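Taking it in order: structure first as structure tokens, then the write-up.
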Amino acid sequence: MKKLFKIIIVLLMIIVFSLLRHTYVYALSPSSNVVLAGIDVSNFQGIVDYSKVKASGIDIVYIKASQGDSIVDKFFRTNYDNAKANGLKVGFYHFMTARSKEQAIREAEFFSSVIANTIPDCKLAMDFESFGNLSVKEINDISLAFLQKVEELTKKELIVYSNAYNARATFGIEIASRYPLWIAEYGPEVPSSNVNWNYWEGFQFTDEGRVNGIDGFVDRDKFSIDVLLDKSEEIEPAEPINPPADDELVNNEIVYVVKKGDTLSEIALKYGTTVEDLVRENNISNANLIYVGQRIIIRKNDVVNEDKSVYIVKRGDTLSGLALRFSTTVDVLVKLNNIKNPNLIYVGQRLIIGESKSLDRPIIRYRVKRGDCLYRIARRFGTTIKHIVQLNSIRNPNLIYVGQILRI
């Protein structure tokens, strides 16, 4: 009996030794012997007390900067300012949603614009984990397009965040050979083996970490010292390569390149169009968020010429009826407005009419020029100052400004 017991003990020791040996041989190792404690945060953590985070032994914090091509994390700037102020090393990550290389490039431009004028200490991170129906090849092509574009715009090194499965089965050797790995794997003390990467620079080991200064759970990480950039230098705002000039017509569209301080409302005012038109034409999800270098398409038809009259289509209107009403022809209206189907116009559509000869004239929009006053404008359009004041709710008839759009 004792002999059998000894045999069982020996066998168990052999099995344990084999498992430990297997784990040691096939586990991913850090790229350096110097490993720093870290966390990664987003708006889910709310307001963070970084003085307590620093005091708890955390060295590095990765901050979510952006998502897709229009979403800035609500606490991005607060996290950055406060983490820097308390002496933490800072990195940024972007959550990818692209479904094509073109979308990936737009996201890269957006991410780069969001983190412009900051000074990161760590490599910039791509977080691409939601793939929809994309093939492995498409995922890798989209990832490379994003990574290369961010690298070009920011002049910074990048790192790929991925769970263990995608790092092994989705991301290919081309990405692994050019960009280091920040791997997420919960449970084991060391990440499991990987056929593409031989080491990690980041290891997210739990999403239920606890750190002083943060209410609730936070992702906990270990970072190799290699994740730090060689130099902590400010990211300069990217200038678009060969941008089209303002007012340049491309395929009957005006291309406007957004400059620092621009807003959609100011652009709409400048070109005599509306924020709603710009949002619709450019698939803008947040009208309050545009970024430097972004190209805004303004359809030529949306620009109001002060020498033209504009009519807002009402229920029951037809092109033939409007042509008769405004002493013009259907053909003229079709050409002026690039209408594909003369039988199809919709309520709320803005139609350029041309010089109106009708007494029942539609509203004209006029953009104020230098030297204008209400008296001259009223005389030019055969109306009165009182009419213009009432139509535009003007409080002071002596105060109008260049670029202002007046309804007449």
Next item on the list: Return the loop-located trypsin sites (Lys or Arg not before Pro) in region 108-172 (DSSP other than H, G, I, E, B) with at most 12 other Cβ atoms within 10 Å of their own Cβ; answer none if there are none.
Entry: Lys155
Margin query: Relative to 2.2 N^0.38 Å, what does the C-alpha radius of gyration of region 46-111 come to as a ratio? Two decimals please.
Written below: 1.29
Next item on the list: Starting from the amide H of Asp73, placed 1.01 Å from N in the peptide plane, find each other amide H under 5 Å away whose residue is 5 or more places distant or on another chain.
Entry: Ser66, Gln67
Margin query: Give me, ordered by chain and number, the residues 5 or more places off Gln349 or on other chains with an amide H under 5 Å from its own placed amide H.
Written below: Val313
Margin query: Given a Förster distance of 60 Å, report the FRET efficiency between Val332 and Phe44 from their Cβ-Cβ distance, rounded to the nearest 0.05.
Written below: 0.60
Item checked: Accessible area of region 86-152 divided out per residue, in Å², using a probe of 1.4 angstrom -> 35 Å²
Note to self: Using amide H atoms built in the peptide plane, which far-off residues or other-chain residues are under 5 Å from Glu157 H to H?
What the structure shows: Leu124
Checklist line | Using θ = phi - 60° and Karplus 6.51 cos²θ - 1.76 cosθ + 1.60, couplings along region 116-124 (whole Hz; Gly, Pro as x) | finding: 4, 6, 9, 10, x, 9, 10, 4, 6
Item checked: Radius ratio Rg over Rh of region 84-236, counting only Cα atoms, Kirkwood formula for Rh -> 0.95
Checklist line | Label-to-label distance, nm, for residues given as Tyr375 and Val34 (7 Å Cα→Cβ offset) | finding: 7.6 nm
Margin query: Apply the a/c threshold of 1.5 to the C-alpha gyration tensor of region 187-232 and tell me whether it is rounded, prolate or oblate.
Written below: oblate
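The values are calculated or read from the model by the stated rules, or taken from the named source; none is laboratory data. Note that the coordinates shown come from a computational prediction; the quantities given were computed from them, not determined experimentally. Positions of Cβ are generated from backbone atoms using ideal geometry, with glycine treated the same way; all protein chains shown enter the neighbour counts. To get the accessible areas, we keep the full protein, side chains included, count just its heavy atoms, and leave off ligands, DNA and RNA. Shrake-Rupley method; radii C 1.70, N 1.55, O 1.52, S 1.80 Å.
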